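The values are calculated or read from the model by the stated rules, or taken from the named source; none is laboratory data. Owing to the predicted nature of the structure, the values given are computational and were not obtained by experimental measurement. Reconstructed Cβ throughout: ideal geometry from the backbone, glycine too, with neighbour counts over all protein chains shown. For accessibility, only protein heavy atoms count, side chains too; no ligands or nucleic acids. Shrake-Rupley method; radii C 1.70, N 1.55, O 1.52, S 1.80 Å.
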Amino acid sequence: MYPKMSVIEKLRNHGWNAKLKRFLERRDYTNYANVFKRLLTHDKSEWLVKTGQLPMFWLMLRNGDRVIRYEHSVKICVRNHYIIKDASIWEDLMDALSYFHKDTHNAHYVCPSDLMKAHDEWVGRKEKKEKQEEEARQWQEKMEQMKRDEEARKMYDDERSEFKKLSFGDGTITFHVLQDVEEFAEEGQAMKHCVFANRYYDLKCHPDSLILSARDADNKRVETVEINIKTFDVIQSRGKCNQDTALH
């Protein structure tokens, strides 16, 4: 509470100094007893303070950590006189680099001149890769579900057999009936909509639906069309991500 203080020489020997005090004051941290205890009992905290890695010390202090994450990389920073300005951002960067099996002993990676730019680049890559892996996992789950769904497959094969040869077009667009559950899966994956996920091949759920794939002159998917086989009305026609296309 009192702004002026005097500390014993032992604390100064363990790293306490005016620079650390100002650093803590800027963060409104006044629990000096906790800081003193750390400096006197935890050699890694003392080392961080003495080497000027105060943001890393601050992160450990707040989290109550006793182990430095990526200590080998922090040593590279110290050796290269590189001060980690934002410890949590830096650790996120190390996580991303480790994810891609990059060398976290290499100063090129662990001492970036622009920490935020390096963080955004590598964390962005990691998030993109994780998203792709999650999409692949979900796709695999869908394929496994498809294999388990033999009853719906057989019913579709039997009750839609009379439509399977149906194909028509005008030279600009051609239509064909989705032949089997695998084609529903391919259509849903390519068009990013729910024709497979919502099981339009399951005639117990969609007894009157007939699904056609509309393709252009280059056989590229344009839209997916649902027709009611009782009324022969077009129920819906969906492009990629359920958006209308120029040929809608």
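Key figures
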| read-out | value |
| --- | --- |
| Number of the condition not met by Lys164 [criteria: (1) modelled with pLDDT under 95; (2) of a type in the set (Lys, Arg); (3) touching a helix residue (DSSP H, G or I) at 6+ places or on another chain (Cβ under 8 Å)] | (3) |
| Restricting region 2-57 to residues that are within 22 Å of Ile68 (Cα to Cα) and of a type in the set (Gly, Ala, Ser), the residue that is surrounded by the fewest Cβ atoms within 10 Å (Cβ to Cβ) | Ala33 |
| Residue check for Leu115: farther than 30 Å from His72 by Cβ and modelled with pLDDT of 90 or more | no |
| Qualifying positions in region 58-81 - in a loop (DSSP other than H, G, I, E, B), open to solvent by 40 Å² or more (accessible area, probe 1.4 Å) and either touching a residue at least 12 places away in the same chain (Cβ under 8 Å) or under 21 Å from Tyr29 (Cβ atoms) (or both) | Gly64, Asp65, Arg66, Val67, Arg69, Tyr70, Asn80 |
| Cross-chain or 6+ apart pairs with Cβ under 8 Å, region 10-36 first and under 15 Å from Leu54 (Cβ atoms), then open to solvent by 80 Å² or more (accessible area, probe 1.4 Å) | Gly15/Lys50; Leu24/Thr30 |
| Residues of region 207-228 classified as open to solvent by 40 Å² or more (accessible area, probe 1.4 Å) and on the phi < 0 side of the Ramachandran plot, total | 7 |
| Failed item in (1) open to solvent by 70 Å² or more (accessible area, probe 1.4 Å); (2) modelled with pLDDT under 90; (3) among the hydrophobic types (A, V, I, L, M, F, W, C), with Val181 passing the rest | (1) |
